[in-house]
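Notes follow once the structure below has been shown.
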2 protein chains.
Amino acid sequence: MIGIFDSGVGGLTVVKEIKKELPDVPIIYFGDTARLPYGNKSAETIQKFSVEIVDFLENKGCKTIVIACNSASALAADYLREKYSNLEIYDVVSSGAEAAAESTEKKKVGVIGTAATINSGVYEKKISEIDLEIKVFTKACPLFVPLVEENWIKRPETKKIARTYLRELKLNKIDTLLLGCTHYPLLEKVISGVMGRRTRVIASGSKLAGKLHEKFRDQAGKGKDKYYVSDLTPHFKTLASRILGKNTEIEKAEI
Amino acid sequence: MIGIFDSGVGGLTVVKEIKKELPDVPIIYFGDTARLPYGNKSAETIQKFSVEIVDFLENKGCKTIVIACNSASALAADYLREKYSNLEIYDVVSSGAEAAAESTEKKKVGVIGTAATINSGVYEKKISEIDLEIKVFTKACPLFVPLVEENWIKRPETKKIARTYLRELKLNKIDTLLLGCTHYPLLEKVISGVMGRRTRVIASGSKLAGKLHEKFRDQAGKGKDKYYVSDLTPHFKTLASRILGKNTEIEKAEI
């Protein structure tokens, strides 16, 4: 049983990738919709919330945890690994950094994400641990999450904002742009359109599904996938169906 | 001692109005920055959070509570009044509805706010209780809060988004537009610019300060103003100083 958590609905883009690779391994998802977003909050608060969620997932029987939220990966992954040495903890930042380092040929990578993720400097650190020669250019794009939540995906306003945010990364002639927030894959078309054909746009969760596949292939678990949230709104249900492409049963849980 | 709360920093625009009228009455402010925003959350969750905050303020000695958050006013004010019959509870929705009803001559009022506030239908209800003949046109503007948080107040992107959001209200020839969210006064210039000179733009908290003045004038309290938040980020401090126009000492509090 794999436990996957996010501040809200964005982590479902990671679930989708994982279910493609491992359709027979049951997952438990927790979206902290009562307290989202994490992207503008402090490390201390994000760590506290993450511990509450991991406790919840562990109680449900999860031994493997996936942090499907870049802000929580950036600010709480090391903290959680130290606290829960009995659990195997994967996070989207580590896998995203690997994917970006593999992808770049000109050794120029761009990373976009929330203010919390970008200000943490975690992507520069992780990518330089893999290859010191890679130059990393970052940009916080705080409006992308609310634009996705508002479903303004195809609107000219969104394109205009994307152009503003991405201008400098484009001038730096990066060949790889890492989407360091799980909401951003929903804006992939707009972002790719602005960056042009010479930039490869990759999602932070893309390599993670492959890693889990290596570990869990040939395993089939018992039990059904379960989706929990800390606050249940019609809006969340709509977004969840939009991402997973089907109606998903979601339960509210107090943590 | 007046206790004032909001989901975050927006309620400080209400504090500013109150302090203008009652400079000598001490206030205690609580901004729930760890769990903001409230505007896209359910009634149940907003009520739960509000109770925790009112308990905190009551413990600090507040007998008068001001809900300086439209989403909490819309979805939790009646609930709180019933639960805390010993406290006097003011809210920005009731005072905003009164201000709008007084202002309109053509009996056509527009109200903008978060999804939670607008979907609750509370402004239509409150305004029709004052004057059944007033037509109320509403529009949720979920991107305005993140635009303020991003400090994109003078950007062309913000003007473009404001034009999109306000188009229909303009077509309906309202003469009064109520800003039903405490973040929106920071966008007043953009909003007034889009609406044109024939529309009066008023803040939901504007009448509230006057009401409190009637109750508390000639009173001077002991003690200093105190500002608490559930999460403390540099970003919050910047926004707080921008609104209050001075450096304000802010303390983190667990609730």
(request) Within the stretch B:51-98, count every residue that is open to solvent by 10 Å² or more (accessible area, probe 1.4 Å), within 27 Å of B:Lys224 (Cβ to Cβ) and assigned to a loop (DSSP other than H, G, I, E, B). (result) 6
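Checking the condition within 24 Å of A:Thr45 (Cβ to Cβ) and modelled with pLDDT of 95 or more, which residue from B:Glu82, B:Glu44 passes? Even if it seems obvious, please write down each step before you answer.
Numbers: B:Glu82 fails: within 24 Å of A:Thr45 (Cβ to Cβ).
When all the criteria are applied, what remains is B:Glu44.
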(message) Can you say whether B:Lys63 is over 21 Å from B:Glu214 (Cβ atoms) and at pLDDT 95 or above, as far as the supplied structure shows?
(response) no
(request) Would you be able to say whether some residue in the stretch A:28-37 is farther than 16 Å from A:Tyr228 by Cα and within 14 Å of chain B (Cβ to nearest Cβ)? (result) yes
(message) Just to be sure I understand, how many residues within the stretch B:218-240 are in contact (Cβ under 8 Å) with a residue 12 or more places away in the chain, more than 27 Å from B:Lys154 (Cα to Cα) and either assigned to a helix (DSSP H, G or I) or open to solvent by 50 Å² or more (accessible area, probe 1.4 Å) (or both)?
(response) 6
(message) Can you go through A:Lys252, A:Lys207, A:Lys215 and tell me which one is surrounded by 11 or more Cβ atoms within 10 Å (Cβ to Cβ) and either within 15 Å of A:Gly11 (Cα to Cα) or touching a helix residue (DSSP H, G or I) at 6+ places or on another chain (Cβ under 6 Å) (or both)?
(response) A:Lys207
(request) Give the stretch A:120-165 a look and list any residue that's open to solvent by less than 20 Å² (accessible area, probe 1.4 Å), within 13 Å of chain B (Cβ to nearest Cβ) and modelled with pLDDT of 95 or more, or say none. (result) A:Cys141, A:Leu143, A:Phe144, A:Leu147, A:Trp152, A:Glu157, A:Thr158, A:Ile161, A:Ala162, A:Tyr165
(request) Determine whether A:His183 is more than 12 Å from chain B (Cβ to nearest Cβ) and either open to solvent by 60 Å² or more (accessible area, probe 1.4 Å) or not hydrophobic (A, V, I, L, M, F, W, C) (or both). (result) yes
(request) Please tell me if A:Ser95 is under 27 Å from A:Ile174 (Cα atoms), touching a Leu at 6+ places or on another chain (Cβ under 8 Å), among the polar types (S, T, N, Q) and touching a residue at least 60 places away in the same chain (Cβ under 8 Å). (result) yes
(request) Determine whether A:Lys41 is within 13 Å of another protein chain (Cβ to nearest Cβ) and either outside any strand (DSSP E or B) or open to solvent by 10 Å² or more (accessible area, probe 1.4 Å) (or both). (result) yes
(request) Give just the number: which of (1) open to solvent by less than 30 Å² (accessible area, probe 1.4 Å); (2) assigned to a helix (DSSP H, G or I); (3) assigned by TED's automatic domain parsing to the domain that holds A:Asp225 does A:Thr117 not satisfy? (result) (3)
(request) Quick one: B:Lys207 ticks every box in (1) within 20 Å of the chain's Cα centre (by Cα); (2) within 14 Å of chain A (Cβ to nearest Cβ) except a single one, so which number is it? (result) (2)
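Identify all residues within the stretch B:166-177 that are open to solvent by 100 Å² or more (accessible area, probe 1.4 Å) and either within 10 Å of chain A (Cβ to nearest Cβ) or of a type in the set (A, V, I, L, M) (or both); write none if there are none.
Residues of the stretch B:166-177 that are open to solvent by 100 Å² or more (accessible area, probe 1.4 Å), as a first pass: B:167-168, B:170-171, B:173.
Across the stretch B:166-177, the qualifying residue is only B:Leu171.
Could you identify the single residue in A:Lys246, A:Lys160 that is free of Cβ contacts under 8 Å to residues at least 12 places away in the same chain and part of a loop (DSSP other than H, G, I, E, B)? Quick ask: steps written out before the conclusion?
Values: A:Lys160 fails: part of a loop (DSSP other than H, G, I, E, B).
Being free of Cβ contacts under 8 Å to residues at least 12 places away in the same chain and part of a loop (DSSP other than H, G, I, E, B) holds for just one of A:Lys246, A:Lys160, which is A:Lys246.
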(message) For the stretch A:6-27, which positions are open to solvent by 10 Å² or more (accessible area, probe 1.4 Å) and either modelled with pLDDT of 95 or more or within 9 Å of chain B (Cβ to nearest Cβ) (or both)?
(response) A:Ser7
(request) Starting from the stretch B:28-40, keep only residues that are at negative phi, then list their pairs with residues that are of a type outside the set (A, V, I, L, M, F, W, C) and assigned to a strand (DSSP E or B) whose Cβ atoms are within a distance under 6 Å, requiring at least 6 positions of separation or different chains. (result) B:Ile28/B:Gly3; B:Ile28/B:Lys226; B:Tyr29/B:Tyr227; B:Phe30/B:Tyr228; B:Gly31/B:Asp6
(message) Among the residues of the stretch B:186-199, what is the count of those that are surrounded by 17 or more Cβ atoms within 10 Å (Cβ to Cβ) and either over 20 Å from B:Ser7 (Cα atoms) or of a type in the set (Val, Ile, Thr) (or both)?
(response) 5
(request) Considering only the stretch A:215-235, state which residues are in contact with a strand residue (DSSP E or B) (Cβ under 6 Å, 6 or more places away or on another chain) and within 12 Å of another protein chain (Cβ to nearest Cβ). (result) A:Val229, A:Leu232
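The values are calculated or read from the model by the stated rules, or taken from the named source; none is laboratory data. Computed from a predicted model, the values in this text were never measured in an experiment. All Cβ positions, even for glycine, are placed from backbone atoms using ideal geometry, and neighbour counts span all protein chains on display. SASA here: full protein model, heavy atoms, side chains in, ligands and nucleic acids out. Shrake-Rupley method; radii C 1.70, N 1.55, O 1.52, S 1.80 Å.
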